[in-house]
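No lab work stands behind these numbers, since they all come straight from the coordinates. Remember, it's a predicted structure, so these values are computed and weren't measured experimentally. Don't worry about glycine lacking a Cβ; one is built from the backbone with ideal geometry, like all the others, and counts go over all protein chains shown.
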Amino acid sequence: MRKEKEITTAVELLRRKGDRLSIIQADVLEGHRTEAWVFVRYVSQATEQNKDEDAYCAARDAARYLSGKLELEVLIPHPRKRNGRRRPEEGR
């Protein structure tokens with residue numbers, strides 16, 4: 001299980017991204033949801049027309065991060081390069 005500071009940091013980063021899947025992930029982290037809860041919510045309880053595989057996978061990854069199975073860099077990828085160039089903070 002992650003420390004509260006790690007969870008708070010991840011939630012802040014995800015909310016800053018602001019896209020739909022990031023918000024779902026932030027909600028899972030804030031609710032301290034498990035993979036089992038995510039499965040029930042996004043697969044078992046969802047009707048066929050309301051199933052959203054992308055949302056399920058994003059929520060599952062957030063639950064895996066909570067349990068320590070994924071690192072932050074996997075949950076929220078940080079590309080090392082932008083437009084083929086190094087970021088200024090990377091140095092030479």
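On full extension, the segment bounded by Glu71 and Arg16 gains 17.9 nm, given 0.36 nm per residue less the C-alpha separation. Using θ = phi - 60° in the Karplus curve 6.51 cos²θ - 1.76 cosθ + 1.60, the 3J(HN,Hα) couplings for segment 8-15 round to 4, 4, 4, 4, 4, 5, 5, 5 Hz; x is entered for Gly and Pro. Modelled this way, with points 7 Å down the Cα-to-C-beta line, the labels at His32 and Met1 are 0.5 nm from one another.
Each Lys and Arg contributes +1 and each Asp and Glu -1, all at the Cβ; summed about the Cα centre of segment 4-72, the dipole is approximately 60 debye.
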